Amino acid sequence: MNKEGILSRLREENVEKLETLWREADNVRAAHVGDAVHLRGLIEISNVCNRRCAYCGLRADNRSIGRYRMTTEEIMLCVHDAVDYGYGTVVLQSGEDEGITGSWMSELIRRIKAETGLAVTLSLGERAGEELLAWRKAGADRYLIRFETSNRKLYELIHHRKGARPSDRLAILENLRTMGYETGSGVMIGIPGQTYEDLARDIILFRELDLDMIGVGPYLPHPETPLGKNDGDFPAAGVEQVPNTELMTYKVIALSRLACPEANIPSTTALATVNRQEGRELGLQRGANVVMPNLTPPEYRVLYEIYPGKACIHETAGACASCLNMRIISINRRTGTGPGGRRKRALTHMGQNLNVNERG
Ligand code: 5AD
Ligand code: SF4
Ligand code: FES
């Protein structure tokens, strides 16, 4: 699949041809990662953020939300809930919170590893190399950091840079991989100013980066942000503007699966937000193989409003657990057990596929 091929499928409107795309993606998903849907329990450990990304509701100068940082004890209660619900992984996510220190996080990771058999995924933003290394040594298995868009100019416009140097998330991803993390990245779909060409390049970059995990979702305007209010020098939508729709999200999920057959791809909360009825299921039937049930306690969950109308924001951990289990059964898939890391396949001299490396 070259860029032209990706572009034409991103622009596809024909219902039958789209059905073919969904079928192809579903077949590749079944052949390479199987029918298991892996559950990653999401704990939103802090909504404090020192950055001011133009698109995100957690940005430092949004004064309309209360801020919280969970204690170790509070987090460990959620971690044990993850074990009870049968999840194989916990994802610790936060804004870019300087109050989360390197040593505190190392201690937390060690404790999770000592008390449970869970895989630990971190999603804590752009942190110093020494911290990332210390967390890896403490036992963290995976790290998620989206590059948001491969269009450098657009990225610079919407992503708040700290200090003089532009942030370089691709370098961070490379660094994480060298440290032995499974690495995850992804983009938002339909950012104002994002073109079809940009999005095709994003998908090619997923493949070039050989990502273990790929998370994508529609951009959803937040009224308390500059991009949401459109008060800044943001590009006006042109003819090549990608729409931030449900359909475009399925196209990107399906094409990501075709580009990266072995990757773990979640059916995201942002997708569930644009179609509460069956967004998650359709994502899983068009290339995705992972869901991320939320474990965050209700009183904090309502404060983690990256974008408005976020699905599950008024639910409990138990509600999300049973809801997702039912949804998985309803589409004739099964719930994955164990950590569900990426399986890397390599060709042998016999030309057969062999599992050479089972990480996580
Ligand atoms: N709409 C959709 N996704 C968003 N994110 C941040 N703000 C928004 C928004 N307004 C996504 C970014 C970030 C992830 C944690 O949430 O891709 O990496
Ligand atoms: Fe902070 Fe991340 Fe939101 Fe940027 S996207 S404001 S770094 S939480
Ligand atoms: Fe949270 Fe359905 S996944 S209520």
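The values are calculated or read from the model by the stated rules, or taken from the named source; none is laboratory data. Because the structure is predicted, anything quoted here is derived from the model rather than measured. Neighbour counts run over all protein chains shown; Cβ positions are idealised from the backbone, glycine included. SASA here: full protein model, heavy atoms, side chains in, ligands and nucleic acids out. Shrake-Rupley method; radii C 1.70, N 1.55, O 1.52, S 1.80 Å.
Worth a mention:
- Checking ALA272, ALA259 one by one, the residue that is open to solvent by less than 30 Å² (accessible area, probe 1.4 Å) and touching a Gly at 6+ places or on another chain (Cβ under 6 Å) is ALA272 and no other.
- Residue match in segment 31-53 (condition: open to solvent by 10 Å² or more (accessible area, probe 1.4 Å), touching an Asp or Glu at 6+ places or on another chain (Cβ under 9 Å) and polar (S, T, N, Q)): yes
- Count of residues meeting criterion [modelled with pLDDT under 95 and assigned to a loop (DSSP other than H, G, I, E, B)] in segment 310-348: 8
- Residue list for segment 1-15, restricted to those being assigned to a helix (DSSP H, G or I) and surrounded by 12 or more Cβ atoms within 10 Å (Cβ to Cβ): LYS3, GLY5, ILE6, LEU7, SER8, ARG9, LEU10
- Residues that are open to solvent by 10 Å² or more (accessible area, probe 1.4 Å) and over 22 Å from ILE204 (Cα atoms) number at least 1 in the following strands (runs of 3 or more DSSP E) confined to segment 112-191: 119-123.
- Within segment 46-60, residues that are over 10 Å from HIS160 (Cα atoms) have Cβ atoms under 8 Å from residues that are outside any loop (DSSP other than H, G, I, E, B) and within 16 Å of ligand 3 (Cβ to nearest atom) in these pairs: ASN47/TYR300, counting only partners at least 6 apart in sequence or on another chain.
- Check on LEU18, farther than 20 Å from ARG333 by Cα, within 16 Å of ligand 3 (Cβ to nearest atom) and either in contact (Cβ under 8 Å) with a residue 40 or more places away in the chain or surrounded by 16 or more Cβ atoms within 10 Å (Cβ to Cβ) (or both): no
- In the set VAL28, VAL91, VAL79, only one residue is open to solvent by less than 40 Å² (accessible area, probe 1.4 Å) and not in a helix (DSSP H, G or I); that residue is VAL91.
- Some residue of segment 217-225 being in contact with an Asp or Glu (Cβ under 6 Å, 6 or more places away or on another chain), open to solvent by 10 Å² or more (accessible area, probe 1.4 Å) and either within 16 Å of ligand 1 (Cβ to nearest atom) or of a type in the set (Phe, Trp, Tyr) (or both): no
- Here ALA236 clears all of (1) at negative phi; (2) modelled with pLDDT of 95 or more; (3) of a type in the set (Gly, Ala, Ser) except the condition numbered (2).
- Figure legend. Inter-residue proximity from segment 138-149: first residues more than 20 Å from THR268 (Cβ to Cβ) and touching a residue at least 24 places away in the same chain (Cβ under 8 Å), second residues more than 14 Å from ligand 2 (Cβ to nearest atom) and part of a helix (DSSP H, G or I), beta-carbon distance below 7 Å, spacing 6+ or different chains. Indicated pairs: ALA138/SER106; ALA138/ILE109; ALA138/ARG110; GLY139/ILE109; GLY139/ARG110; GLY139/LYS113; ALA140/ILE109.
- Test result for ASN62, touching a Ser or Thr at 6+ places or on another chain (Cβ under 9 Å), in a loop (DSSP other than H, G, I, E, B), among the polar types (S, T, N, Q) and within 16 Å of ligand 1 (Cβ to nearest atom): yes
- Residue within segment 227-237 that is touching a Lys or Arg at 6+ places or on another chain (Cβ under 9 Å) and buried (at least 17 other Cβ atoms within 10 Å of the Cβ) present: no
- Filtered residues of segment 267-294 (kept if part of a loop (DSSP other than H, G, I, E, B), touching a residue at least 40 places away in the same chain (Cβ under 8 Å) and under 16 Å from the mean Cα position of the chain (by Cα)): THR268, GLY287, ALA288, ASN289, MET292, PRO293
- When restricted to residues that are out of contact with any Ser or Thr (no Cβ under 9 Å at 6 or more places or on another chain), within 16 Å of ligand 1 (Cβ to nearest atom) and charged (D, E, K, R), segment 163-173 contains 1.
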